[in-house]
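Novice: Take a look at this one; I'll ask things after.
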């Protein structure tokens, strides 16, 4: 798989897969309408053939992930299907306390416990210690949105990220400190429509991807999308097709 496709698969995973570490209902974070019970998405490489955008190889699936939610909108379980014929399943489960704060995450025989630290101005941190000795510290603002995230082990820092939001709480900028930064644009449905990455600190353009949503359900949630590489004015090359199946309570 080419590098740009690897970037795009990561982007899609961050864009539509759930992140249980947030204390807001995941369905709100993921911009769902209605009371969602499950969301199953699959990604495929795309190509333009006979003037139409089609799956390059329907039998080859890039990402295949099923998320299960409770009636309050929180992610309780995530299944990632991998391997030949998608026969291998990685299951991640999430536990919450009576205040709907995530307290535990379990996957592949390992369990990670979440520690909350209350700060000034209604901000708070979530700290997770890993068996390797590293720690991930995520800072949230008063609205429950990620403000920054750092992974470190002792004095060694692996990465630091910061996030900026607009008045609708859309993540409009992500800074990967000392590496690069992303600018995100959204449509009127609050779905991300454009992703631009620049090098840091010189600001040189790395790539531009756009997303076209081609199918919605009766609730107004998108079911299919096509991602394009528009880094060059004449490219407009289809990269990934994403298909989602959403089940409601």
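The values are calculated or read from the model by the stated rules, or taken from the named source; none is laboratory data. Computed from a prediction, not measured in an experiment: that's the story for all the values here. FYI the Cβ positions are ideal-geometry reconstructions off the backbone, even for glycines, and counts take in every protein chain you see.
Novice: Being at pLDDT 95 or above and farther than 21 Å from residue 224 by Cβ is true for just one of 3, 93. Which residue is that?
Specialist: 93
Novice: Just one of the numbered conditions (1) touching a strand residue (DSSP E or B) at 6+ places or on another chain (Cβ under 6 Å); (2) surrounded by 14 or more Cβ atoms within 10 Å (Cβ to Cβ); (3) closer than 26 Å to residue 173 by Cβ is not true of residue 117; which one?
Specialist: Residue 117 satisfies all of (1) touching a strand residue (DSSP E or B) at 6+ places or on another chain (Cβ under 6 Å); (2) surrounded by 14 or more Cβ atoms within 10 Å (Cβ to Cβ); (3) closer than 26 Å to residue 173 by Cβ except (2).
Novice: I've got another one for you. Kindly provide the set of residues from the stretch 32-91 that are assigned to a strand (DSSP E or B), buried (at least 17 other Cβ atoms within 10 Å of the Cβ), without any contact (Cβ under 8 Å) to a residue 60 or more places away in the chain and touching a helix residue (DSSP H, G or I) at 6+ places or on another chain (Cβ under 9 Å), ordered by number.
Specialist: Across the stretch 32-91, the qualifying residues are 65, 67, 69, 75.
Novice: While we're on this one: Could you please give the count of residues in the stretch 176-206 that are touching a residue at least 24 places away in the same chain (Cβ under 8 Å), more than 29 Å from residue 223 (Cα to Cα) and in a strand (DSSP E or B)?
Specialist: 3
Novice: If residue 216 satisfies all but one of (1) touching a strand residue (DSSP E or B) at 6+ places or on another chain (Cβ under 8 Å); (2) touching a residue at least 12 places away in the same chain (Cβ under 8 Å), what's the number of the condition it fails?
Specialist: It is condition (2) that residue 216 fails.
Novice: Just a yes or no: is a residue in the stretch 132-142 more than 28 Å from residue 63 (Cα to Cα), more than 20 Å from the chain's Cα centre (by Cα) and touching a residue at least 40 places away in the same chain (Cβ under 8 Å)?
Specialist: No: the stretch 132-142 contains no residue that is more than 28 Å from residue 63 (Cα to Cα), more than 20 Å from the chain's Cα centre (by Cα) and touching a residue at least 40 places away in the same chain (Cβ under 8 Å).
Novice: Just to verify a result, which residue in the stretch 6-22, among those that are assigned to a loop (DSSP other than H, G, I, E, B) and surrounded by 18 or more Cβ atoms within 10 Å (Cβ to Cβ), is modelled with the lowest pLDDT?
Specialist: Step by step, filter the stretch 6-22, then rank; the result is 18.
Novice: Out of 163, 248, I need the residue that is in contact (Cβ under 8 Å) with a residue 60 or more places away in the chain, surrounded by 13 or more Cβ atoms within 10 Å (Cβ to Cβ) and more than 22 Å from residue 63 (Cβ to Cβ). Which one?
Specialist: 248 is the lone residue from the list that is in contact (Cβ under 8 Å) with a residue 60 or more places away in the chain, surrounded by 13 or more Cβ atoms within 10 Å (Cβ to Cβ) and more than 22 Å from residue 63 (Cβ to Cβ).
Novice: Is it fair to say residue 181 is under 15 Å from residue 240 (Cβ atoms), surrounded by 16 or more Cβ atoms within 10 Å (Cβ to Cβ) and within 17 Å of the chain's Cα centre (by Cα)?
Specialist: No.
Novice: Scan (1) on the phi > 0 side of the Ramachandran plot; (2) buried (at least 17 other Cβ atoms within 10 Å of the Cβ) for the single condition residue 209 breaks and write down its number.
Specialist: (1)
Novice: For the stretch 219-236, give me each residue that is in contact (Cβ under 8 Å) with a residue 40 or more places away in the chain and touching a helix residue (DSSP H, G or I) at 6+ places or on another chain (Cβ under 9 Å).
Specialist: 227, 229
Novice: With respect to residue 225, is the statement that it is at negative phi and modelled with pLDDT under 95 true?
Specialist: The answer is no for residue 225.
Novice: Also, I was wondering about something else. Which residue, of 189, 143, 236, is within 30 Å of residue 48 (Cβ to Cβ), out of contact with any strand residue (DSSP E or B) (no Cβ under 6 Å at 6 or more places or on another chain) and modelled with pLDDT under 95?
Specialist: 189
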